[in-house]
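Visitor: Here it is, the structure, as structure tokens.
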């Protein structure tokens, strides 16, 4: 642990220690006084009908809106769960247990309750995704039932969640997500420039909560800081423009939000666009956040961000595009995945990355990336389409991204390799994980995350090395776990070789040594759609193994040869090859049983895996 502290940043660690102490002593509670929230009148007024939304998109919107009217919400952008009408704002809809002590100050409440479970499950109804859905439904139908329910449920939330009281005020990022959704709904309903007093007052309270604790978010060096800074900037700039001077502190919030957002982008986004959190979905959260910031900056007509901000925003956009499959528009399930989707003004699936990429490309490149489709819906609501009607042609190439991610391009296949370069804390043991895609199908996949706080009885760890397509020694991890989101003894590469590639073929090689003194060297060669992975092992281990998650179709295994309709895998140098049960999770709080190919190295301590794709 002592060796890990300097890597986390002494100032950040010191602030977190002080923060925890201030919670225990009650000091922080005194800085966040509670009060009743009085909502007088509606938050949103009637508007004119939105005419340019295609009929099939409209039907999907109304279908989701009806579920909301019937007492359901969409949790983690995937699960529709009953929560009541109006919702029980303190219910964990996955186990139907209710969070207790809802009138305690938020500083007195735990993140994980032994009976209720993870507080994240309780927060879903209070993220206000449903606000955006009901706003869209009203705007296309002019059915006042949607607007009445929207206003009524927001008033009910305010009545039952007094300021700084209860679990739904515990996290500044949750308050920030509410600000995004409330303001995006105001844009949809054409009331952003002349808002109701109730909406202005409500958002101002959220900004006060965010601003009072933003230093804790900054100390995390992750998306909490970017989200909270963006909410302060957007909300503060909005109030300063539209609220007739009723909130003299709004301009200060906007200035502070801008400062921290610029700071976070400068520190947390590398020159190649990679983000401090080693996660594809958290990268999308970052991209949606800065896209919102740029969009609202434009319509509020406030000064532009720095050149550095835009350079890194464009790099972050390209990074996510590079890791998005060109057939399925899905992306590797790399790193932590908690189901967050900030840009929710569309009906595309959670694992479709086109809406975020399309919106970001318009914001930062002033062009479309994809032709017209359902992923364009946010652009229609925001009236933010570019002049260019057709996307520019572009194609992916093999590339080494910031020495931390290796993208390899075959003919009809491509692969991602995770490299051990950690400027910021890793949370998964996934060094040299090999993710393989073929014609839009994730043939060899990452297991995912499932839940950050799984219920008692869950025995499979989705963060472990044995949930990834890489080598593992004996029964220990690549890096020891120090906490839910923290690993120790961060691996450093012994070597990261050059990427050699041309005409859909190439090679790469690298190695590392873990904290036990075990060395893993991996070499990847590919030609068209044949991939060869060579693994060498040395060190004090008893046995070395290589595992691959088998994510598609049926197959047969015989003497180190696995055959399926998609191709075959041949294993050489193993004394034993078996197919074992495992689990995959494409969405938060969702898992399915799957199979995993595991090979145990023989006395040569070398395993050669050849994957030949066809079909």
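The values are calculated or read from the model by the stated rules, or taken from the named source; none is laboratory data. Quantities reported herein were computed from a predicted structural model and do not represent experimental measurements. Methodologically, a virtual Cβ is constructed for each residue, glycine included, from the backbone with ideal geometry; neighbour enumeration extends over all protein chains shown.
Visitor: Select the strands (runs of 3 or more DSSP E) contained entirely in segment 439-539, then report the ones holding at least 2 residues which are crowded, with 16+ Cβ neighbours inside 10 Å.
Guide: Fully inside segment 439-539 and qualifying: 441-444, 471-473, 493-496, 505-513, 519-527, 530-538.
Visitor: Contact list please: Cβ distance under 7 Å, first residue in segment 53-66 and farther than 15 Å from residue 344 by Cα, second residue surrounded by 13 or more Cβ atoms within 10 Å (Cβ to Cβ), pairs at least six apart or on different chains.
Guide: Pairs found: 53/140; 53/380.
Visitor: Moving on. Scan the helices (runs of 4 or more DSSP H) fully inside segment 8-127 and keep the ones with 3 or more residues being within 30 Å of residue 145 (Cα to Cα).
Guide: Per the criteria, 55-69, 119-123.
Visitor: Another question, then. Just to be sure I understand the filter: pairs with C-beta atoms under 7 Å, separated by 6 or more residues or on different chains, first member in segment 564-584 and at positive phi and in contact (Cβ under 8 Å) with a residue 40 or more places away in the chain, second member part of a strand (DSSP E or B) and buried (at least 20 other Cβ atoms within 10 Å of the Cβ). Which pairs pass?
Guide: 567/611; 567/613
Visitor: Another question about this same structure. (1) within 23 Å of residue 228 (Cα to Cα); (2) touching a strand residue (DSSP E or B) at 6+ places or on another chain (Cβ under 9 Å); (3) at pLDDT below 95: which one isn't true of residue 322, the others all being true?
Guide: (1)
Visitor: Which of the numbered conditions does residue 370 fail, given that it passes all the others? Conditions: (1) under 21 Å from the mean Cα position of the chain (by Cα); (2) in a loop (DSSP other than H, G, I, E, B).
Guide: (1)
Visitor: I want to confirm something. Restricting to segment 344-354 and keeping residues that are under 14 Å from the mean Cα position of the chain (by Cα) and buried (at least 23 other Cβ atoms within 10 Å of the Cβ), which single residue is farthest from residue 549 (Cα to Cα)?
Guide: 344
Visitor: Also, I was wondering about something else. For residue 117, which of the numbered conditions (1) closer than 19 Å to residue 451 by Cβ; (2) surrounded by fewer than 20 Cβ atoms within 10 Å (Cβ to Cβ); (3) in contact (Cβ under 8 Å) with a residue 60 or more places away in the chain fails to hold?
Guide: Single failed check for residue 117: (2).
Visitor: Taking the condition touching a residue at least 40 places away in the same chain (Cβ under 8 Å) and either surrounded by fewer than 24 Cβ atoms within 10 Å (Cβ to Cβ) or closer than 19 Å to residue 183 by Cα (or both), does residue 243 pass?
Guide: Spelling it out, residue 243 is indeed touching a residue at least 40 places away in the same chain (Cβ under 8 Å) and either surrounded by fewer than 24 Cβ atoms within 10 Å (Cβ to Cβ) or closer than 19 Å to residue 183 by Cα (or both).
Visitor: Need the failing condition index for residue 156 against (1) in contact with a helix residue (DSSP H, G or I) (Cβ under 9 Å, 6 or more places away or on another chain); (2) in contact (Cβ under 8 Å) with a residue 60 or more places away in the chain; (3) assigned to a helix (DSSP H, G or I), just the number.
Guide: Here residue 156 clears every test but (1).
Visitor: Also, I was wondering about something else. Provide a single number: the residues in segment 373-399 that are within 26 Å of residue 189 (Cα to Cα) and at pLDDT 90 or above.
Guide: 11
Visitor: Still on this structure, please answer the following. Please go through segment 82-93 and give me each residue that is touching a strand residue (DSSP E or B) at 6+ places or on another chain (Cβ under 9 Å) and crowded, with 20+ Cβ neighbours inside 10 Å, ordered by number.
Guide: Matches in segment 82-93: 83, 87, 90, 91, 92, 93.
Visitor: Any idea which of (1) more than 28 Å from residue 51 (Cβ to Cβ); (2) buried (at least 20 other Cβ atoms within 10 Å of the Cβ); (3) over 25 Å from the mean Cα position of the chain (by Cα) is the one residue 209 doesn't satisfy?
Guide: Residue 209 satisfies all of (1) more than 28 Å from residue 51 (Cβ to Cβ); (2) buried (at least 20 other Cβ atoms within 10 Å of the Cβ); (3) over 25 Å from the mean Cα position of the chain (by Cα) except (3).
Visitor: Tally time: how many residues in segment 248-271 are out of contact with any helix residue (DSSP H, G or I) (no Cβ under 6 Å at 6 or more places or on another chain), within 28 Å of residue 422 (Cβ to Cβ) and outside any helix (DSSP H, G or I)?
Guide: Result for segment 248-271: 2.
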